[in-house]
1. Counting just the residues of the range B:29-61 that are more than 19 Å from A:ASP93 (Cβ to Cβ) and at pLDDT below 90, which one comes out nearest to the other protein chains (Cβ to nearest Cβ)?
2. Under the condition of being assigned to a helix (DSSP H, G or I) and among the acidic types (Asp, Glu), which residue from the range A:41-80 is nearest to A:PHE105 (Cα to Cα)?
3. Assuming A:ALA99 fulfils every condition listed in (1) surrounded by fewer than 19 Cβ atoms within 10 Å (Cβ to Cβ); (2) under 26 Å from B:THR50 (Cα atoms); (3) in contact (Cβ under 8 Å) with a residue 60 or more places away in the chain; (4) among the small types (Gly, Ala, Ser) apart from one, which condition is it?
4. Criterion first (more than 19 Å from A:GLN39 (Cα to Cα), without any contact (Cβ under 8 Å) to a residue 40 or more places away in the chain and within 14 Å of chain B (Cβ to nearest Cβ)) does A:GLY123 satisfy it?
5. Inside the range A:80-96, can you point out the residues that are open to solvent by less than 20 Å² (accessible area, probe 1.4 Å) and more than 14 Å from every other protein chain (Cβ to nearest Cβ)?
6. I need the strands (runs of 3 or more DSSP E) fully contained in the range B:117-178, keeping only those with at least 1 residues that are surrounded by 19 or more Cβ atoms within 10 Å (Cβ to Cβ) and touching a Gly at 6+ places or on another chain (Cβ under 7 Å).
7. So in the range B:73-88, with the set limited to residues that are surrounded by 12 or more Cβ atoms within 10 Å (Cβ to Cβ) and within 27 Å of the chain's Cα centre (by Cα), which one is farthest from the other protein chains (Cβ to nearest Cβ)?
8. I'm checking my understanding of the structure. Among residues of the range B:27-42 that are under 20 Å from A:PRO60 (Cβ atoms) and not β-branched (Val, Ile, Thr), which one is surrounded by the most Cβ atoms within 10 Å (Cβ to Cβ)?
Amino acid sequence: MKRFSISLLAALGIGSAHAVTTGDAMPHMALPDAKGKVQDLGALHAKAIYVDFWASWCTPCRKSFPFMSDLQRRYADRGLVVLAINVDAERKDADDFLAHYPAGFTVLFDGKGGTASQFGVKGMPSSYLIGADGVVRNVHMGFREETPAAIEAELETLLK
Amino acid sequence: MPCKTIYRSLAAAALFSAVLPTLASAVIYNGSVDAGRVTFASNCASCHGTPPNNLILPIVMNGANNPTLISNTIRSNPSMEFLQGSLSQTDINNIAVYLAKPTTTDSDRIFDWGQATYPTLLTPAATSGSASGYYYRYYSGTNFYVGTKAGSLYLLDGSTGALSNLGAVSTWLNSAINAGF
């Protein structure tokens, strides 16, 4: 019940100081994609969702993008959906980044930062591995040398 | 140059150099915002963005004038532990001041302090500009300029052309800091 209450508050955008962590329910997200079509993540049917918050000024994101593209390619048929949520206020900044670092996965746009606030994102990149039940299984902030192996191990556990 | 105008310039410079008591109730921003801006850009901005325009990550602003919180977070957050040992206490103090005053400069802090401390000399309150390598403010009420260049603070009497070097910016910044600016 406590867990549900925290998730509900986060979904409502109340108490944004709460950072979404392992065991929390994924906050509700409905964000536009590159073509402006709003994607409601609540309607997404996937065995695993990897949500990544990124920004054009984020230096580690230059390394996380190729990893996420590879992850999406190798795990797509096992039910993984990678969603990268951009938080740049200016869409052009995001587009310039994407021109240099192509995304082999779905990119959504959160220019006002509302969804990032709901997650309580503290730094870029921040990623959340979410199960089919909508519960957050793992959280990572930053992208270091050991991050890919850790995420892949967590993903294998989730998809067992 | 008439004696009266020479006296005016000398008196103004002397007045500006006087040691003044600090404001007891002032909040102390103990560091350099200029240095903090540089340190933040090279160590923090790649993950946290650049304040104050980045409102997406308000949690970063919790470090505003709170070096203890920044130090504790670096120690306790695995994602930030790579900064342990690479940032000195002075670096962290400077970052904390930068987060508290992201749109200002150390020169502006000195100018603001000067206006508050010498209201009859530096009047009316002015905005800053740049010219000939100086970052300065012009006070139309008295025709004085106060500016910084290459680490020194200068006072220029617009009426006489007398330019006084008032000493190191760092020294004046300490006076401004102690008064809460």
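1. Among those that are more than 19 Å from A:ASP93 (Cβ to Cβ) and at pLDDT below 90, it is B:ILE59.
2. Of everything passing the filter in the range A:41-80, A:ASP70 is nearest to A:PHE105 (Cα to Cα).
3. Of everything listed in (1) surrounded by fewer than 19 Cβ atoms within 10 Å (Cβ to Cβ); (2) under 26 Å from B:THR50 (Cα atoms); (3) in contact (Cβ under 8 Å) with a residue 60 or more places away in the chain; (4) among the small types (Gly, Ala, Ser), A:ALA99 misses just condition (3).
4. Considered against the rule, which asks whether it is more than 19 Å from A:GLN39 (Cα to Cα), without any contact (Cβ under 8 Å) to a residue 40 or more places away in the chain and within 14 Å of chain B (Cβ to nearest Cβ), A:GLY123 comes out as yes.
5. A:LEU80, A:VAL82, A:LEU83, A:ALA84
6. Here the list reads B:134-139, B:144-149, B:152-157.
7. Within the range B:73-88, the match that is farthest from the other protein chains (Cβ to nearest Cβ) is B:LEU87.
8. Applying the filter and picking the extreme gives B:PHE40.
The values are calculated or read from the model by the stated rules, or taken from the named source; none is laboratory data. Treat the numbers as computed from the prediction; the structure is a model and nothing was measured. Virtual Cβ from ideal backbone geometry, glycine too; neighbours counted across all protein chains shown. For the accessible areas, the whole protein counts, side chains as well, though only heavy atoms, and no ligand, DNA or RNA atoms are used. Shrake-Rupley method; radii C 1.70, N 1.55, O 1.52, S 1.80 Å.
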